[in-house]
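What follows is one structure encoded as structure tokens, with my remarks underneath.
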Amino acid sequence: MQANADRLAAGSVALRKNIYNLTPDELAAYREAVQMIMQRSDNKGFNYLAGIHGVPQFLCEHHQWDWLPWHRAYLYLFEQCLQDQMPGVTIPWWDWTCADTHTDGIPPAFADATAAVGQPNPLLQSSIQI
């Protein structure tokens, strides 16, 4: 993870990896960063960021011409908030058309109830305060 943080500090673009290709340390760092923003109550917290996309603000318009650039900007903002908590963390991508998904469903990184250390998996679910 330090190599990714060093690249970010130097101004390079960080590589987003497939969720299936994250190392255990990268997945643990991503989960920790998500957990950290879930604990924030300001405009860099999960509740606020999730509210931009869905409840309560609903700023995302999936049926508009600009939905793709809107999501790129939204994910960039989300990733920046994660990196404020854990430098070097990137949002992994997931190819829902891949063979693993067709046989296993949602990747275990998201679907498992607990993380590797036995703690609740913050990628599985969260409450939004309205």
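The values are calculated or read from the model by the stated rules, or taken from the named source; none is laboratory data. Every value quoted in this text rests on a predicted model; they were computed, and no experiment measured them. Every residue, glycine as well, gets a Cβ built from its backbone with ideal geometry; the counts of neighbours run over all protein chains shown. We work out accessible area using only protein heavy atoms, side chains counted, and drop any ligands, DNA or RNA first. Shrake-Rupley method; radii C 1.70, N 1.55, O 1.52, S 1.80 Å.
Of all residue pairs spaced 6 or more apart or on separate chains, those with beta-carbon atoms under 9 Å, a first member in the stretch 102-130 that is of a type in the set (V, I, T) and a second member that is open to solvent by 40 Å² or more (accessible area, probe 1.4 Å) and part of a strand (DSSP E or B) are T114/P120. Being surrounded by 11 or more Cβ atoms within 10 Å (Cβ to Cβ), out of contact with any Ser or Thr (no Cβ under 9 Å at 6 or more places or on another chain) and at pLDDT 90 or above is the requirement here; does L77 meet it? Answer is yes for this residue. Among all positions in the stretch 102-110, there is no residue which is farther than 14 Å from I19 by Cβ, among the aromatic types (F, W, Y) and part of a helix (DSSP H, G or I).
Per-residue answers, yes or no, for (1) open to solvent by 60 Å² or more (accessible area, probe 1.4 Å); (2) part of a helix (DSSP H, G or I); (3) of a type in the set (A, V, I, L, M, F, W, C):
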position: Q35; (1), (2), (3): yes, yes, no
position: C60; (1), (2), (3): no, no, yes
position: L68; (1), (2), (3): yes, yes, yes
position: L82; (1), (2), (3): no, yes, yes
position: V89; (1), (2), (3): no, no, yes
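Taken over the stretch 91-101, the residue count meeting the criterion of being in contact (Cβ under 8 Å) with a residue 60 or more places away in the chain and not in a loop (DSSP other than H, G, I, E, B) is 2. Does G51 satisfy the condition of being among the small types (G, A, S), more than 27 Å from L15 (Cβ to Cβ), open to solvent by less than 90 Å² (accessible area, probe 1.4 Å) and in a helix (DSSP H, G or I)? In short, yes. Does A5 satisfy the condition of being open to solvent by less than 60 Å² (accessible area, probe 1.4 Å) and at pLDDT 95 or above? No.
With respect to being acidic (D, E) and within 27 Å of V13 (Cβ to Cβ), D104 falls outside the description. Go through (1) of a type in the set (G, A, S); (2) within 20 Å of Y20 (Cα to Cα); (3) open to solvent by 80 Å² or more (accessible area, probe 1.4 Å) one by one and return the number of the condition S41 breaks. Exception for S41: condition (2).
When the stretch 46-56 is filtered for residues that are in contact (Cβ under 8 Å) with a residue 12 or more places away in the chain and under 19 Å from Q85 (Cα atoms), the ones remaining, listed by number, are F46, N47, L49, A50.
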